[in-house]
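First up is the structure itself, then whatever we jot down about it.
The values are calculated or read from the model by the stated rules, or taken from the named source; none is laboratory data. None of these values were measured; they are calculated from a predicted model. Don't worry about glycine lacking a Cβ; one is built from the backbone with ideal geometry, like all the others, and counts go over all protein chains shown.
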Amino acid sequence: MTTFPSRTVRGELAKYGAFARVGLAGARAEPGKTYAGIVFLFVILGVFSALWRAVGAGGSSAETRGTMVWYLAMTEWVLFCAPQLHFDVEADVRRGDVAYQIARPVSYLGAHLARAVGGMALRAPVLLAGACAAGLLFGGRPAHPAAIARVVVIGIGGAVVMSAWYVSIGLLAFWLGDIAPVYWIWQKLTFVFGGLLLPLSFYPDLVVRIATFTPFPTLLTGPASFVLGHPMFGTIELFALLMLWFTVASALAVMLFRRATRTMQLNGG
């Protein structure tokens, strides 16, 4: 009685595993994006460290400057790990590829996420090596080196959750056509509420309170704050928040996709 369901589960996992391998092959075939990300990491960390050295004349210590460089290295690493699926979904909508892709015996949304995870399996370690190299060059030895491992584990989860939100943004192309304005807003909110450049502890209390009702602190400043020595969330709490926001993003994506496909069917698309 348990053999048939077991085979079914293995069959479903094999389907998504195939899409993950496609994502891995795509990342291997286009290494330029990964290398460009590493170059950008070195540039932004170099500029940021120079800025903090200038501020250092006002009293910030070398250790503080180095810690801030490592914090930025980790937030940028998480951000670069998440592939920009929204543009892939937008391209599918514009070309009309969604109409035949939904006929496949696999979830359209699940396939995109599986492909993203496959690509991350290659990009994340390479980008991490680049982020750590830039951190050592511009920030010196991290004040809390053991925290890097915790950032890596939780940061991968943050990148997966971010990918789920990107899928939801991409699905808006069914109604908007061009999702660039929506992504621009998301990007700016990431800068502020996600603490991309500076930890949320540097912001006014009002900004912090607003940010806690959004997914952004969980995705970036949450994982990266472990290198500061005083993380914004506990490890268990952060994992729970990641699961919560992944569930919200997935539910939103499913709702948008169902509405979009219903519209397509009514219009004969």
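Within segment 232-265, the only residue that satisfies the criterion of being assigned to a loop (DSSP other than H, G, I, E, B) and crowded, with 22+ Cβ neighbours inside 10 Å is M232. Note on segment 211-228: residues that are over 15 Å from I156 (Cα atoms) and in a helix (DSSP H, G or I) amount to 3. Exactly one residue out of L127, L136 is within 22 Å of C81 (Cβ to Cβ), surrounded by 15 or more Cβ atoms within 10 Å (Cβ to Cβ), modelled with pLDDT of 90 or more and touching a Gly at 6+ places or on another chain (Cβ under 7 Å): that is L127. Residues considered: G155, G96, G177, G119. Of these, the only one that is farther than 20 Å from A240 by Cα, crowded, with 23+ Cβ neighbours inside 10 Å and of a type in the set (G, A, S) is G119. Residues of segment 83-108 that are of a type in the set (A, V, I, L, M, F, W, C) and either within 16 Å of I179 (Cβ to Cβ) or free of Cβ contacts under 8 Å to residues at least 12 places away in the same chain (or both): L85, F87, V89, A91, V93, V98, A103. Within segment 218-239, the set of residues being more than 19 Å from F202 (Cα to Cα) and either modelled with pLDDT of 95 or more or aromatic (F, W, Y) (or both) comprises F239 only.
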